[in-house]
Amino acid sequence: MKIHDKEFIKYISSDEISITLKSIADKINVDYEGKNPLFVSILNGSFIVAADLFREIKLESEISFVKVSSYHDMESSGDVKKLIGLNEPIFNRDVIFIEDIVDSGRTIKKMTEEFKELGAKSVEVATLLYKPESVAVDLHVKYFGFEIPPLFVVGYGLDYNGLGRNLKDIYQLKP
Ligand code: PRP
């Protein structure tokens, strides 16, 4: 499968993704029983994970969407830009960030610091993909679907220069 100038091959199927998101949601449903967490989806990439994960959440909970940016082309630049779009009060809230991928970890690290400064009671992360070998900061990722090596991946919300987010499966760059 070709996107722009690159060839990709299938890596994780939509069925595996569904099962995995359901199991993350099950854990959250147990861990946050009796609580009212605020889910925060970090756009753009996480909108599809957020839609599917959030529908498996049985808790009384809200969801909000914020935007930052850290990537240019295929490399993580490391400079996480400013948070925009946050309308809810964060003070005393149990916050769960929803991500499609934790790569260098800088986005989540920065967001966690900002939300703690805003007075969040707790801050955790739920991400579909997690690249532990790429993480360059001190970070705890409580909920993750798949630990993957430092591959370039597209699909299910993840893009290559804007394209590929609508693919139902996840693809990796053809070796
Ligand atoms: C991706 C992804 C995460 C971030 C992870 O977003 O959705 O937010 O990169 O990278 P990090 O762990 O190295 O910080 P990106 O900035 O590519 O924007 P997008 O969601 O609009 O594609």
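The values are calculated or read from the model by the stated rules, or taken from the named source; none is laboratory data. The model shown is predicted, which means the values in this text are computed figures rather than measured ones. When we count neighbours, we look across all protein chains shown, and the Cβ atoms used for this are built from the backbone with ideal geometry, even at glycine. Areas reflect the complete protein model, heavy atoms only, side chains present, ligands, DNA and RNA absent. Shrake-Rupley method; radii C 1.70, N 1.55, O 1.52, S 1.80 Å.
Using alpha carbon coordinates only, what is the Rg to Rh ratio of the range 79-175, with Rh defined as the Kirkwood radius?
1.00
Where a Cα-Cα gap under 12 Å defines reach, which aspartates and glutamates qualify for Lys110, not counting those fewer than 8 residues away within the same chain?
Output for Lys110: Asp79, Asp138.
In the chain, which whole DSSP H runs stretch at least 24 Å along their own axis (Cα) and average -1.0 or higher on the Kyte-Doolittle scale?
Within the chain the helices that satisfy the rule are 14-31.
How much mean residue ellipticity at 222 nm does the chain get from its helices, if each DSSP H run of length 4 or more adds -39500 (n - 2.57) and you divide by all residues, to the nearest 500 deg cm²/dmol?
That calculation yields -7000 deg cm²/dmol at 222 nm.
How big is the charge dipole of the chain about its Cα centre, in debye rounded to the nearest 20, if each Lys and Arg gets +1 on its Cβ and each Asp and Glu gets -1 on its Cβ?
So the dipole magnitude of the chain works out to roughly 200 debye.
Taking the Cα centroid of the range 1-69 and of the range 97-123, what is the distance between the two, rounded to the nearest whole Å?
Their Cα centres are 15 Å away from one another.
What number comes out for accessible area per residue over the chain if the probe is 1.4 Å? Units Å², please.
Per residue, the chain has 51 Å² of solvent-accessible surface.
Counting only protein heavy atoms, what percent of the accessible surface of the range 36-166 is carbon or sulfur at a 1.4 Å probe?
C and S fraction of accessible area: 50 percent.
Ratio of alpha-carbon Rg to the 2.2 N^0.38 Å globular estimate for the range 1-58, to two decimals, please.
Against the empirical 2.2 N^0.38 Å value, I get 1.44 for the range 1-58.
Take the Cα coordinates of the range 1-138, assign each an equal point scatterer, and use the Debye formula without solvent to give log10 I(q)/I(0) at q = 0.10, 0.15, 0.16 Å⁻¹.
Result of the Debye calculation: -0.35, -0.78, -0.88.
Show the residues, 5+ positions off or on another chain, whose built amide H is closer than 5 Å to the amide H of Val102.
Leu129, Tyr130, Lys131
Among the listed pairs Lys2/Lys109; Lys35/Lys121; Lys82/Lys116; Lys131/Lys174; Lys82/Lys174; Lys2/Lys131, which are separated by more than 22 Å between their Cα atoms?
Lys2/Lys109; Lys82/Lys174; Lys2/Lys131
First select every other residue whose beta carbon is under 13 angstrom from the beta carbon of Gly34; then total the charges, Lys and Arg +1, Asp and Glu -1.
-2
State the extension gain, in nm to one decimal, for the chain segment bounded by Asp15 and Asn166, taking 0.36 nm per residue of separation less the distance between their alpha-carbons.
Here the answer is 52.8 nm.
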